[in-house]
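*Asks:* Sending over a structure as structure tokens; questions will come in a sec.
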Amino acid sequence: MILPTGPSYLETPLRRDNQMDHDFYGFRDTWSEKRLTWQNGARLGVWLQIAVEWFPLNISGKPFLPVGAPNRPWPDSETYTQRDYGNRVGIYRMMDALKARGLSASMLVNARLAKRYPILMRSILDDGFDVVAAGLDAGAIHHEGLAEDEERAMIAEALAIFAGFGVSPIAWHSPSWSQSTRTPRLLLEAGLKAMADWANDEAPYLFETGAGSIISLPATMELSDREMIMLRKQNLADVEESFIAAARRLWNEARDSGHGRLLTLNVSPWLMGQPYRAAAFERILDALFALDGTVSVGVPEIIAATDGLTP
């Protein structure tokens, strides 16, 4: 049965002329003014995010299964152990490749992974990698169906685990880039300075939470090995070419505009740390940093280089 509609059907109370349809941030374009100024006149900053995750064997799948999660009848040992390979073997290949080149990366670490793999966590810290708190585990999804107290407790538990390692991350990444409408405010209230969940810009901006501003760092789903390899089934040569093409385009834009640019890449040890992909990972690193004026950056360097951030 089709019911008649009245005038209210066409009303869009959140639509605003020349504005965004929310109050989190205002509209801006990338090109109108300078956003980033890297030290020593560098043109391009490369922010390499390495997803250091634990996928529980009994992952709930609520409200959805993250990409890469065990999804076959219990116990899905094949999927679980392949992901576990990334934390036992693959990540060390990637860390060795970075250290050999004197490069940095941000480790987006699930707190429960740090607890379950303390040797790996200590290796990350001993090698001086930047740590971004990436929630509790890959299946601990932040979403609107959570009670506020439950979500607050999830954040507090994650930060308490990191504190046990002597770490106080200033930035947060929500598992699967998923937030509730409360997440930014709860992160700010927990003492975090920045988050990396919104993939709508290539430079940081201030995100209004209702209780103050948090810095929104660039996130990437397009330039992610799980998106390209797992979901789109792109071959490795395409992934390599895409990462390098993105760097060259941003480098050219920085040269032509005089404005610093930032390339964000997200990679997973259970994918890019495989022995047959490791050489491609190394070639990507070599190609990116062969571009003159390209620097490896983490969260502190990105925030310091961003013009006009005064949260």
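The values are calculated or read from the model by the stated rules, or taken from the named source; none is laboratory data. This one's a predicted model, so the numbers in the text were calculated from it and none came from an experiment. Every residue, glycine among them, receives a Cβ derived from its backbone with ideal geometry; neighbour counts consider all protein chains shown. In case anyone asks, the SASA skips ligands and DNA or RNA and just uses the protein heavy atoms, side chains included. Shrake-Rupley method; radii C 1.70, N 1.55, O 1.52, S 1.80 Å.
*Asks:* Restricting to the range 165-192, count the residues that are open to solvent by less than 50 Å² (accessible area, probe 1.4 Å), of a type in the set (S, T, N, Q) and outside any helix (DSSP H, G or I).
*Replies:* 4
*Asks:* Another one. Taking ARG35 and the conditions (1) in contact with a strand residue (DSSP E or B) (Cβ under 8 Å, 6 or more places away or on another chain); (2) at pLDDT below 95; (3) open to solvent by 40 Å² or more (accessible area, probe 1.4 Å), which numbered condition does it fall short on, given that it satisfies the others?
*Replies:* Among (1) in contact with a strand residue (DSSP E or B) (Cβ under 8 Å, 6 or more places away or on another chain); (2) at pLDDT below 95; (3) open to solvent by 40 Å² or more (accessible area, probe 1.4 Å), ARG35 violates only (3).
*Asks:* Modelled with pLDDT under 95 and under 30 Å from LEU187 (Cα atoms): is that true of MET221 in this structure?
*Replies:* Spelling it out, MET221 is indeed modelled with pLDDT under 95 and under 30 Å from LEU187 (Cα atoms).
*Asks:* Could you check how many residues of the range 138-156 are in contact (Cβ under 8 Å) with a residue 60 or more places away in the chain and either under 14 Å from PRO169 (Cα atoms) or open to solvent by 10 Å² or more (accessible area, probe 1.4 Å) (or both)?
*Replies:* Adding up the residues that qualify gives 3.
*Asks:* While we're here: Which of the residues spanning the range 112-129 are surrounded by 23 or more Cβ atoms within 10 Å (Cβ to Cβ) and closer than 24 Å to ARG185 by Cβ?
*Replies:* none
*Asks:* In addition: I'm told ARG88 meets every condition in (1) modelled with pLDDT of 95 or more; (2) touching a Lys or Arg at 6+ places or on another chain (Cβ under 9 Å); (3) of a type in the set (Lys, Arg) except one. Can you identify the failing condition by its number?
*Replies:* It is condition (2) that ARG88 fails.
*Asks:* I'd like to check which helices (runs of 4 or more DSSP H) are fully inside the range 193-311 and have at least 2 residues that are surrounded by fewer than 19 Cβ atoms within 10 Å (Cβ to Cβ).
*Replies:* 236-257, 275-289, 299-305
*Asks:* If you go through the range 157-164 one residue at a time, do you hit one that is out of contact with any Leu (no Cβ under 9 Å at 6 or more places or on another chain) and either β-branched (Val, Ile, Thr) or under 26 Å from LEU265 (Cβ atoms) (or both)?
*Replies:* So far as the range 157-164 goes, yes, one or more of its residues are out of contact with any Leu (no Cβ under 9 Å at 6 or more places or on another chain) and either β-branched (Val, Ile, Thr) or under 26 Å from LEU265 (Cβ atoms) (or both).
*Asks:* Of (1) exposed (fewer than 13 other Cβ atoms within 10 Å of the Cβ); (2) not in a loop (DSSP other than H, G, I, E, B); (3) not hydroxyl-bearing (Ser, Thr, Tyr), ASN87 satisfies all except one. Which?
*Replies:* Looking at each condition in turn, ASN87 falls short on (1).
*Asks:* Right, next: With the structure loaded, tell me whether ASP149 is assigned to a helix (DSSP H, G or I) and either small (Gly, Ala, Ser) or farther than 22 Å from ARG277 by Cα (or both) or whether it fails that test.
*Replies:* Answer is yes for this residue.
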